[in-house]
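Enquirer: Please read through the structure below; I'll follow up with questions.
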Amino acid sequence: MTSSALRLIGVWLAVIVLLGVSLGTSYIPMGRFNSIVCVTIAFVQALLVWTFFMRLRWSGLLVRLIAAAGLIWFLLLLGLSLTDYLTRHTVGS
């Protein structure tokens, strides 16, 4: 096997291990901290996929710029959704 194939297999194994960790944390009661841990794990998985499987590390400037714009758009939508969620009040409180 070539070194690039071994690297991709290693990254795939890392993503699978992170999937197992994410699954394992769903059974551990951590309160609000559980969501933070799961989102962090998902971000690391996405970073591995972007960097190695989508080959952004070795791509040109335009491809990186478009990927960064997509990430910024996602973070904007996430921030707006969190703003809505955090400012809602439950009935009776």
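The values are calculated or read from the model by the stated rules, or taken from the named source; none is laboratory data. Please read these numbers as outputs of a predicted model, since none were measured by experiment. Reconstructed Cβ throughout: ideal geometry from the backbone, glycine too, with neighbour counts over all protein chains shown.
Enquirer: Checking the conditions here, which among L19, L71, L48, L82 is farther than 30 Å from S4 by Cβ and either part of a helix (DSSP H, G or I) or among the acidic types (D, E) (or both)?
Expert: Testing whether each residue is farther than 30 Å from S4 by Cβ and either part of a helix (DSSP H, G or I) or among the acidic types (D, E) (or both) leaves just L82.
Enquirer: For G31, work out the one condition from (1) farther than 19 Å from M54 by Cβ; (2) touching a residue at least 12 places away in the same chain (Cβ under 8 Å) it doesn't fulfil.
Expert: (2)
Enquirer: Among the residues of region 41-93, what is the count of those that are modelled with pLDDT of 85 or more, of a type outside the set (G, A, S), over 18 Å from the mean Cα position of the chain (by Cα) and within 28 Å of L8 (Cβ to Cβ)?
Expert: Of the residues in region 41-93, 4 are modelled with pLDDT of 85 or more, of a type outside the set (G, A, S), over 18 Å from the mean Cα position of the chain (by Cα) and within 28 Å of L8 (Cβ to Cβ).
Enquirer: Restricting attention to region 59-92, report how many residues are of a type in the set (F, W, Y) and under 17 Å from A46 (Cβ atoms). Even if it seems obvious, please write down each step before you answer.
Expert: First, pick out the residues of region 59-92 that are of a type in the set (F, W, Y): 73-74, 85.
The next check asks that each one be under 17 Å from A46 (Cβ atoms); those that pass are 73-74.
Number of matching residues: 2.
Enquirer: Tell me which residues, restricted to region 22-45, are of a type in the set (G, A, S) and either outside any helix (DSSP H, G or I) or more than 25 Å from A67 (Cβ to Cβ) (or both). Full working, then the answer.
Expert: The first filter runs over region 22-45 and keeps only residues of a type in the set (G, A, S), leaving 22, 24, 26, 31, 35, 42.
Result: G24, S26, G31, S35.
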